[in-house]
Amino acid sequence: MPRIVTMIASATEIVCALGFEEHMVGRSHECDWPPSVKRLPVCTAPRFEVHGSSLEIDQRVKSLLEQATSIYRVDADMLRALKPDVIVTQSHCEVCAVSEKDVEQAMGDWLGKKPKIVSLSPNNLAEVWQSIRNVADALGVSSRGEMLVQQLKARVDAIADRVPPIPERPTVACLEWIEPLMAAGNWIPELVEIAGGEYTFAAAGAHSPTITWDMLTAYQPEVIVLMPCGFKIAQTQADLPALAARPQWRALPAVQANRVFVVDGNAYFNRPGPRIVESVEILAEILHPEKCAGLAPAGAYVRV
């Protein structure tokens with residue numbers, strides 16, 4: 001059976017959901033679910049301080065990018081010692097996680113047989129399902145991958161059946177970063193639609209765009225969901241004063257109606273893996289508590 005190293009948290013969740021956790025021999029510093037994977041050796045590290053406000057982190061990352069320096073460090077010696085047969089990484093975003101290029105550079109001077117690299121790059125929900133299939137194919141369990149996809153899609157369909165029709169759907173703004181402001185793109189517009197919201201702030205399948213306060217004000221969202229990439233709830237809450245300090249913030253319909261929510265973006269919305277379904281459940285409960293109460297995992301979101 002293959003020895004597996006995962007370089008992105010969503011890949012770890014996919015590998016484990018396919019029943020291959022016992023074959024994992026290494027992980028990235030971000031891989032933390034299921035909790036049992038924390039026992040595994042860590043093969044990566046960020047080159048910047050990950051604690052602080054969204055503005056501070058943005059400045060640190062941009063500084064590294066200006067120096068043409070990779071955002072993350074891959075421990076080539078650790079990888080070599082682990083002797084993986086398969087490495088699962090990503091090519092979706094070089095800022096969010098260790099990339100395929102980082103892995104290839106770390107393996108540059110290896111001698112002998114190199115591991116198979118499986119690189120995931122989902123931009124929308126269909127490509128999230130395909131990522132699961134791709135990992136299953138690489139591990140030789142294609143039918144198991146298809147079964148998992150069908151189970152997840154069935155859960156998504158069940159959520160869609162519970163939410164109200166289009167005329168009753170609130171306008172939603174999902175913010176993936178606070179300073180600077182970014183609207184959540186990629187698979188998030190689809191998740192909001194399935195959960196019973198109207199979301200035209202970013203295009204499905206497109207990368208998350210930077211937006212202005214004038215754009216947010218003009219959008220007049222009835223619900224705001226804060227999901228900064230990589231942030232847990234407490235870290236996002238620490239950034240709330242930056243929003244409250246803006247005079248435009250208090251005038252937004254969602255703020256006036258007390259319909260602003262902080263979700264655990266790190267655990268759910270930012271991870272294109274099996275728990276994408278829980279992300280839809282969280283949104284459905286936020287948007288339509290009268291029809292979807294009890295769907296969201298405990299502690300997955302808070303009202304501001």
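The values are calculated or read from the model by the stated rules, or taken from the named source; none is laboratory data. In this text the structure is predicted, and so the values were computed from the model without any measurement. Here Cβ is always computed from backbone atoms with ideal geometry, including for glycine, and neighbour counts include all displayed protein chains. Accessible surface is based on the protein model in full, side chains and every heavy atom, while ligands, DNA and RNA are left aside. Shrake-Rupley method; radii C 1.70, N 1.55, O 1.52, S 1.80 Å.
When only Cα pairs below 8 angstrom with a gap of at least 6 residues are kept, the chain shows a relative contact order of 15 percent.
If you add up the charges near residue 202, with Lys and Arg at +1 and Asp and Glu at -1, over every other residue whose beta carbon is less than 13 angstrom from its beta carbon, what do you get? Walk me through the numbers on the way to the answer.
Numbers: positive: none; negative: 176, 190, 193, 198.
Summing Lys and Arg as +1 and Asp and Glu as -1 gives -4.
Rounded to two decimals, what ratio of Rg to Rh does the stretch 234-304 give with C-alpha atoms and a Kirkwood Rh? Each step should come with its number before you reach the end.
Values: Rg = 13.3 Å, Rh = 13.2 Å.
A ratio of 1.01.
For the stretch 1-89, the C-alpha radius of gyration divided by 2.2 N^0.38 Å, with N the number of residues, is 1.20. Just to verify a number: FRET efficiency for residue 47 and residue 143, C-beta to C-beta distance, R0 = 41 Å, to 0.05? Efficiency, rounded to the nearest 0.05: 0.50.
Taking the chain as the region of interest, the number of lysine pairs whose Cα atoms are within less than 21 Å, with members eight or more places apart or on different chains, is 11. Tell me, what is the per residue accessible area of the chain in Å², probe radius 1.4 Å? Counting only protein heavy atoms, the per-residue value for the chain is 43 Å². The 3J(HN,Hα) values that the Karplus relation (6.51, -1.76, 1.60; θ = phi - 60°) gives for the stretch 153-170 are, in residue order, 5, 5, 5, 5, 4, 5, 5, 4, 6, 8, 8, x, x, 3, x, 9, 8, x Hz. Gly and Pro appear as x. If every alpha-carbon in the stretch 1-52 counts as one equal scatterer, what log10 I(q)/I(0) does Debye give at q = 0.18, 0.26, 0.27, 0.31 1/Å? The computed values of log10 I(q)/I(0) come out as -0.52, -0.96, -1.02, -1.28.
Across the stretch 18-94, C-alpha contacts under 8 Å between residues 6 or more apart give a mean separation that, scaled by the residue count, equals a relative contact order of 27 percent. With a simple spin-label model that places each label point 7 Å from the Cα along the Cα-to-Cβ direction, the separation between residue 80 and residue 63 comes to 3.2 nm.
Between residue 200 and residue 258, the FRET efficiency from the beta-carbon distance, with R0 = 25 Å, is close to 0.60. Across the chain, the convex hull enclosing all Cα atoms gives 123 Å³ per residue. Considering the convex hull of the alpha carbon atoms of the stretch 176-224, report its projected area averaged over all viewing directions, in nm², one decimal. Value for the stretch 176-224: 3.2 nm². With a 1.4 Å probe rolled over the protein heavy atoms of all chains, the accessible area of 116, 153 falls in the order 116, 153, largest first.
Carbon and sulfur: what percent of the chain's accessible surface (1.4 Å probe)?
Working: 6900 of 13120 Å².
Solvent-exposed carbon and sulfur of the chain make up 53 percent of the total.
What's the extension gain from residue 220 to residue 207 if we count 0.36 nm per residue and subtract their Cα-Cα distance?
2.5 nm
Sorting the segments 10-17, 166-173, 36-43 by their mean number of nearby beta carbons within 10 angstrom, highest to lowest, gives 10-17, 166-173, 36-43. In vacuo Debye scattering of the stretch 161-304, one point per C-alpha: log10 I(q)/I(0) at q = 0.22 Å⁻¹? Listed by q, the Debye log ratios stand at -1.61. Using the Karplus relation 6.51 cos²θ - 1.76 cosθ + 1.60 with θ = phi - 60°, the per-residue 3J(HN,Hα) values for the stretch 245-258 come to 6, 7, x, 5, 4, 5, 8, 6, x, 5, 5, 5, 8, 6 Hz, with x marking Gly and Pro.
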